[in-house]
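Beneath this line is the structure, given in structure tokens, with notes to follow.
The values are calculated or read from the model by the stated rules, or taken from the named source; none is laboratory data. Every value quoted in this text rests on a predicted model; they were computed, and no experiment measured them. All Cβ positions, glycine included, derive from the backbone under ideal geometry; neighbour counts span all protein chains shown.
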Amino acid sequence: MSISAFVVLGANNPLTQAFAAVCRVAGSVLAAFYRLYPSIGFAIVGLTVLVTVLTLPFTARATRSLASNAALRPEIERLRRKHRGDPERLRQALGELYAAHGVSPLGGCVPMLLQAPLLIVVVRVVEGLGHRGSQGFVPRYLSHHSRLYRALHGANRMPFGGLDLAAPGSAAFAMGGTALAMFIGLIAVSAAAGYLQQRLSSPGEGARPRVPLTAAIGPALVAAFGLVLPAAVTLYSATGACVRLVQVIMHRGGPPVA
């Protein structure tokens, strides 16, 4: 399954050209990480950490907004019961409640939507590493003079920890051994990091934990689509989930208490 299958834009479309230009910048950063240490997995992890750190302010703002909304949930439920038969009065009362506390019901969504294009760029670049031509890989978004392009061009595998990062997760089951353990480990890391984010992002005693939507459903999506997506995308997802978890731990001052 290719990310490009979801994007149907002409090659001369200005948006397509702008998107490709940003992807080439991300590709240059990826190639720079590969120069530091010639490992494709290391380069993907490095790029993911950098991008995730750059987008942490958006994630933190969305988390705070969702926590504020969660704290108002008891009052919201009370207003819904009070104005059950009067939708117009309920909308007015909710608007007054949000205004009084300086909270927007969509405050958690907007920051995440703002960072979404950058995250899509990273996924597209990572997926493009394994773009295949007639005689092996022809990586996209990389300078043909870069060390990473030369290492991948014409190759048929993208090895990292026994896993072929260019192959879908289903290939790990066929390979077995280290490859299968590595793939299952990446899925488990994503799921565990997402769960811990939920625990740590709990707005308070007795409230249901909430995190930004993409952080909450991301691990589930990786588990669902990991079998058909390139393993490089799964590595990206697991790395990003870990960085976000570290950010939440630092914000809260420690790990969750059971």
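Observations
- Check on Ala191, part of a loop (DSSP other than H, G, I, E, B), surrounded by 13 or more Cβ atoms within 10 Å (Cβ to Cβ) and either in contact (Cβ under 8 Å) with a residue 24 or more places away in the chain or more than 21 Å from the chain's Cα centre (by Cα) (or both): no
- Within segment 17-38, restricting attention to residues that are among the aliphatic types (A, V, I, L, M) and either in contact with a Gly (Cβ under 6 Å, 6 or more places away or on another chain) or in contact (Cβ under 8 Å) with a residue 60 or more places away in the chain (or both), the residue that is surrounded by the most Cβ atoms within 10 Å (Cβ to Cβ) is Leu30.
- Positions within segment 205-230 being modelled with pLDDT of 60 or more and touching a helix residue (DSSP H, G or I) at 6+ places or on another chain (Cβ under 6 Å), in sequence order: Val222, Ala223, Gly226, Leu227, Pro230
- Qualifying residue in segment 41-62 (condition: buried (at least 17 other Cβ atoms within 10 Å of the Cβ), at pLDDT 80 or above, more than 21 Å from the chain's Cα centre (by Cα) and of a type outside the set (Lys, Arg)): no
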